[in-house]
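Have a look at the structure below before the remarks.
FYI, it's all coordinate maths here, none of it is from the lab. Bear in mind that the values here come from a model prediction, so they are computed numbers and not experimental data. For neighbour counting, all protein chains shown are included, and Cβ atoms are generated from backbone atoms with ideal geometry for every residue, glycine included.
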Ligand code: PEP
Ligand code: MG
């Protein structure tokens, strides 16, 4: 089986009737980038930048971050890099930031919320990314966004950063901006947010957690609330419908996209791009190449009709 997959290394991700699919990779460290050409990824759809905070005692400076993003851009050789700003708190604890303890950390000051309370830390990252955008194609996305007021604050900070870089006579480039759609509120508020954005990416791990009110780290809930459910498919459909009105492409970067039985359904529903674990990438190329796009579209329509988790999971187990 592994040998059979090898032939997909050099092939683009496409359906049997040659419809191209953007198949990007999720990465967590610079060493992950070195494996991307081995599997023929179309770029990086999610760079979890908080990895760089795992084993350090202080926040990396702007220059250190700039160097890291430039290295990443270079390793991608012209392909798109999607950087997610630092996503901390909840299940992601970091020694260099002493986060106050909270009764409900998953519902607490996490992700972008933390950095809007500590804007100088976010500005360091924003300036590093803006400078790196001078050297390659970079998209920037923000985790844990609920509503447009947060975007107002973010874009004000971005303007401040651009102004400062201008004053410091340091060059910076153009970025595309997006959010990780990972709360039900974000889905419901897309109409007000999409006019400010160039793309959105659905984070199904947290979207499932918040839609189901089920802690993603609690093993006692995994059977009751699996990653694929009628609720999550409905939220994905709502995101697609609203984004279509604004002509904004939707990708999926949560674990759901790495499931070879589910990925064809997501493509059939109209998802433009998947971002998946590097070690699932070849298997996904193989899965997506088996049928025509029209078959996946039919599967998408059928899957959305199923109202029970068990029926849905049974249905997708036959979709390959
Ligand atoms: C998600 O929530 O689906 C996601 C992609 O981000 P993370 O798993 O890093 O929270
Ligand atoms: Mg998340």
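Work out, in µm²/s and without decimals, the Stokes-Einstein translational diffusion coefficient of the chain at 4 °C, 1.567 mPa s, Rh from Kirkwood over C-alpha pairs.
On the way: Rh = 20.2 Å.
Estimated diffusion coefficient is 64 µm²/s.
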Note to self: Just to check, using Stokes-Einstein with a Kirkwood Rh over alpha carbon pairs, what's the diffusion coefficient of region 1-127 at 10 °C and 1.306 mPa s in µm²/s?
What the structure shows: 95
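Using 1/(1 + (r/R0)^6) with R0 = 30 angstrom and r between the beta carbons of residue 29 and residue 104, what's the FRET efficiency to the nearest 0.05?
Values: r = 29 Å, r/R0 = 0.98.
The formula returns an efficiency of 0.55 here.
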Margin query: Can you compute the FRET efficiency between residue 58 and residue 176 using 1/(1 + (r/R0)^6), with r the Cβ-Cβ distance and R0 = 41 Å? Round to the nearest 0.05.
Written below: 0.85
Next item on the list: Can you put 7, 127, 2 in order of Cβ neighbours within 10 angstrom, beginning with the fewest?
Entry: 2, 7, 127
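Given a Förster distance of 51 angstrom, what is the FRET efficiency for residue 162 paired with residue 314, based on the Cβ-Cβ distance and rounded to 0.05? Write out the running numbers ahead of the final one.
On the way: r = 52 Å, r/R0 = 1.01.
That gives a FRET efficiency of 0.50.
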Notebook entry, point to check: Can you sort 204, 34 so the residue with the fewest Cβ neighbours within 10 Å comes first?
Noted result: 34, 204
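Would you compute, from DSSP H runs of 4+ residues alone, the mean residue ellipticity of the chain at 222 nm, taking -39500 (n - 2.57) per run and dividing by the full residue count, rounded to the nearest 500? Please report the intermediate quantities before stating the final value.
Values: 15 runs with 138 residues, N = 320.
Mean residue ellipticity, 222 nm, calculated: -12500 deg cm²/dmol.
When 273, 302, 168 are ordered from fewest to most other Cβ atoms inside 10 Å of their Cβ, what list results? Walk me through the intermediate numbers first.
Values: 273 24, 302 15, 168 9.
Ascending Cβ contact count within 10 Å gives the list 168, 302, 273.
In the P(r) worked out for region 277-320, what percent of Cα pairs fall beyond 17 Å?
Numbers: 400 of 946 pairs.
Result: 42 percent of Cα pairs exceed 17 Å.
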